[in-house]
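Peer 1: Before anything else, here's the structure in question.
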Amino acid sequence: MPINVLIIDDSPSVCAMLSQMMTSAGFNVVGIGKSAEEGLELAGKLKPDVITLDIEMPGKSGLQALPLIQKTCDAAIIMCSTLTNQAATATLQSLEKGAFDYIPKTEIGKTFTLDNLKDRVNNAYAFVTSKRKGESNYKPSVPIASLPHQNLKAIVIGVSTGGPAALHKLFNALPVMPIPIVVVQHMPAAFVASLAERIAQQTKHKTCVAKEDHTLAPGEVCFAPGDLHVLVKKMGARLYCGLSEEPKNILHKPSADVLFQSAAEVLGKELLAVILTGMGRDGADGGKTVRTRGGMVLAESKSSCVVYGMPKAAIEARTANFEFDLQDMAAAITKIVTGKLIPPT
């Protein structure tokens, strides 16, 4: 059975491009709504598997329409957004409220290719199918109380699809750490800046976007910029950031593999790496370096992942020491870093 897709967008040209690409990819476009109101009506009638929803529309915006559509049908919703600061904020709010992912609408047919679209829609369908089945067989790999207390100098995190909501939940539950945290989230630069700002506003953590030679301070969460790799470097007792265009022949920039490998080289057993929800396998190779150098790797369990790609790759490569649901991840990190137990979220 083909995957049924509903397109909601006020731009005829975007609707035409998306419809053509969806059809070329083998998906079934069951309807096109030219406003949030029309889209809401079609969602109720057609009950699609996946919906693309424009962020900026006359009348109700995509952000305003999102919760109404979620009450009407159980489709996975992919937001269509321009790559601006204003659109970034609205897109992140949508992702926090349960949208599956986003499409950079100004890049459709350019950097956002047919293969990109296939990946987004297929993963969205897998997500909604799993949700419909109510699949959940999560059991912690080990009791959190049994996790070892390690003398660590930094935490590195890799995350992609589903990341904004996962990071929001993680940092809401995680106490401020006595060591720095560096995050690679696969997102455009404007989105990363907005994400860092939102995490700072909505949790107790201080955040920043990495700059060249920035000192990594205890209690700080530092995000890799959306268009450069971030490296962890060390001089004496000082940890600091390096930024690089290299390697260029790599799928993601920033890359969790690049971050993990650089941090493992300078910190060895004093490093904790965490791999959260996301498409692909970024982090698996870097996580292997972390393990080889004596560090520890945690991976998110399938039961809480929006997309079980990156953690799955790490687990199948025997890179991860332990596997935890997102609801337990803050408690697991806290136990390893501080030796203290906090209630799971």
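The values are calculated or read from the model by the stated rules, or taken from the named source; none is laboratory data. Every value quoted in this text rests on a predicted model; they were computed, and no experiment measured them. Neighbour counts run over all protein chains shown; Cβ positions are idealised from the backbone, glycine included.
Peer 1: State whether the residues of segment 234-248 include one that is in a strand (DSSP E or B), over 21 Å from the mean Cα position of the chain (by Cα), of a type in the set (Lys, Arg) and farther than 14 Å from GLN185 by Cβ.
Peer 2: The answer is yes; a qualifying residue exists.
Peer 1: Let me ask something else. Taking the condition outside the structural domain of PHE191 (by TED's automatic domain parsing), modelled with pLDDT under 95, within 21 Å of LEU167 (Cα to Cα) and basic (Lys, Arg), does LYS97 pass? Walk me through how you get there before you give the answer.
Peer 2: Numbers: outside the structural domain of PHE191 (by TED's automatic domain parsing): yes; modelled with pLDDT under 95: yes; within 21 Å of LEU167 (Cα to Cα): yes; basic (Lys, Arg): yes.
Yes: the conditions hold for LYS97.
Peer 1: Just to check your reading of the model, which residue among LYS206, LYS211 is touching a strand residue (DSSP E or B) at 6+ places or on another chain (Cβ under 6 Å) and farther than 26 Å from PRO311 by Cβ? Don't jump to the end; show me each part of the working.
Peer 2: On the way: LYS211 fails: touching a strand residue (DSSP E or B) at 6+ places or on another chain (Cβ under 6 Å).
Just a single option satisfies the conditions, and that option is LYS206.
Peer 1: Would you call LYS60 touching a Cys at 6+ places or on another chain (Cβ under 9 Å) and basic (Lys, Arg)?
Peer 2: Numbers: touching a Cys at 6+ places or on another chain (Cβ under 9 Å): no; basic (Lys, Arg): yes.
For LYS60, the condition - touching a Cys at 6+ places or on another chain (Cβ under 9 Å) and basic (Lys, Arg) - is not met.
Peer 1: So, in segment 171-196, of the ones that are out of contact with any Asp or Glu (no Cβ under 9 Å at 6 or more places or on another chain), over 21 Å from THR277 (Cβ atoms) and not aliphatic (A, V, I, L, M), which residue ends up surrounded by the most Cβ atoms within 10 Å (Cβ to Cβ)?
Peer 2: PRO175
Peer 1: So GLU212 fits all but one of (1) farther than 21 Å from LYS248 by Cα; (2) over 19 Å from the mean Cα position of the chain (by Cα); (3) of a type outside the set (Phe, Trp, Tyr); what number is the exception?
Peer 2: Answer for GLU212: the failing condition is (1).
Peer 1: Additional query: Any residue in segment 293-304 that is at positive phi, in the same structural domain as VAL230 (by TED's automatic domain parsing) and crowded, with 20+ Cβ neighbours inside 10 Å?
Peer 2: Within segment 293-304, the first condition is being at positive phi, and the residues that meet it are 294.
From what is left, the residues that are in the same structural domain as VAL230 (by TED's automatic domain parsing) are 294.
Checking the rest, the ones that are also crowded, with 20+ Cβ neighbours inside 10 Å come to none.
No: zero hits.
Peer 1: Working carefully through the options LYS139, LYS71, LYS110, find the one that is free of Cβ contacts under 8 Å to residues at least 24 places away in the same chain, within 20 Å of GLU300 (Cα to Cα) and not assigned by TED's automatic domain parsing to the domain that holds LYS233. Spell out how you get there, then give the answer.
Peer 2: On the way: LYS71 fails: within 20 Å of GLU300 (Cα to Cα); LYS110 fails: within 20 Å of GLU300 (Cα to Cα).
Checking each option against the conditions leaves just LYS139.
Peer 1: Could you list, in sequence order, all residues of segment 318-345 that are in a helix (DSSP H, G or I) and aliphatic (A, V, I, L, M)? Break it down into steps so the answer makes sense when it comes.
Peer 2: In the first step, residues of segment 318-345 are kept if they are in a helix (DSSP H, G or I); the result is 326-338.
The answer is LEU326, MET329, ALA330, ALA331, ALA332, ILE333, ILE336, VAL337.
Peer 1: Here is a list: ALA263, ALA313, ALA331, ALA256. Which entry is crowded, with 24+ Cβ neighbours inside 10 Å and within 30 Å of ALA99 (Cβ to Cβ)? Before you say what the answer is, go through the steps one by one.
Peer 2: Numbers: ALA263 fails: within 30 Å of ALA99 (Cβ to Cβ); ALA313 fails: crowded, with 24+ Cβ neighbours inside 10 Å; ALA331 fails: crowded, with 24+ Cβ neighbours inside 10 Å.
Answer to the check: ALA256.
Here's the yes/no breakdown for (1) surrounded by 15 or more Cβ atoms within 10 Å (Cβ to Cβ); (2) touching an Asp or Glu at 6+ places or on another chain (Cβ under 8 Å); (3) closer than 16 Å to ASP101 by Cβ; (4) without any contact (Cβ under 8 Å) to a residue 12 or more places away in the chain:
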position	(1), (2), (3), (4)
MET1	no, no, no, yes
VAL5	yes, yes, yes, no
SER19	yes, no, no, no
THR23	no, no, no, yes
GLY33	yes, yes, no, no
GLU38	yes, no, no, no
ALA43	yes, no, no, no
VAL50	yes, no, yes, no
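Peer 1: Within segment 189-206, how many residues turn out to be out of contact with any Lys or Arg (no Cβ under 9 Å at 6 or more places or on another chain) and either more than 12 Å from LEU92 (Cα to Cα) or of a type in the set (S, T, N, Q) (or both)?
Peer 2: Our first condition is that a residue be out of contact with any Lys or Arg (no Cβ under 9 Å at 6 or more places or on another chain); within segment 189-206, this holds for 189-199, 201-206.
Keeping just the survivors that are either more than 12 Å from LEU92 (Cα to Cα) or of a type in the set (S, T, N, Q) (or both) gives 189, 194, 201-206.
Number satisfying all stated conditions: 8.
Peer 1: Within segment 215-227, which residues are more than 17 Å from the chain's Cα centre (by Cα) and either farther than 19 Å from PRO175 by Cβ or in contact (Cβ under 8 Å) with a residue 60 or more places away in the chain (or both)?
Peer 2: First pass over segment 215-227, keeping only residues more than 17 Å from the chain's Cα centre (by Cα): 215-220.
Once the filter is applied, which keeps residues that are more than 17 Å from the chain's Cα centre (by Cα) and either farther than 19 Å from PRO175 by Cβ or in contact (Cβ under 8 Å) with a residue 60 or more places away in the chain (or both), segment 215-227 yields THR215, LEU216.
Peer 1: Might you let me know whether segment 79-93 holds any residue that is modelled with pLDDT of 95 or more and of a type in the set (S, T, N, Q)?
Peer 2: Checked against the condition, which is being modelled with pLDDT of 95 or more and of a type in the set (S, T, N, Q), segment 79-93 yields no hits at all.
Peer 1: Which helices (runs of 4 or more DSSP H) sit wholly inside segment 102-206 and have at least 1 residues that are in contact with a His (Cβ under 9 Å, 6 or more places away or on another chain)? Even if it seems obvious, please write down each step before you answer.
Peer 2: On the way: elements: 114-133, 163-173, 189-202.
Where helices (runs of 4 or more DSSP H) fall fully within segment 102-206 and carry at least 1 residues being in contact with a His (Cβ under 9 Å, 6 or more places away or on another chain), they are 163-173, 189-202.
Peer 1: Out of curiosity, is ASP285 in a helix (DSSP H, G or I), buried (at least 20 other Cβ atoms within 10 Å of the Cβ) and either in contact (Cβ under 8 Å) with a residue 24 or more places away in the chain or touching a Phe, Trp or Tyr at 6+ places or on another chain (Cβ under 7 Å) (or both)?
Peer 2: Working: in a helix (DSSP H, G or I): yes; buried (at least 20 other Cβ atoms within 10 Å of the Cβ): no; either in contact (Cβ under 8 Å) with a residue 24 or more places away in the chain or touching a Phe, Trp or Tyr at 6+ places or on another chain (Cβ under 7 Å) (or both): yes.
Answer is no for this residue.
Peer 1: Looking at (1) modelled with pLDDT of 95 or more; (2) in contact with a His (Cβ under 6 Å, 6 or more places away or on another chain), can you tell me which one HIS252 breaks?
Peer 2: Single failed check for HIS252: (1).
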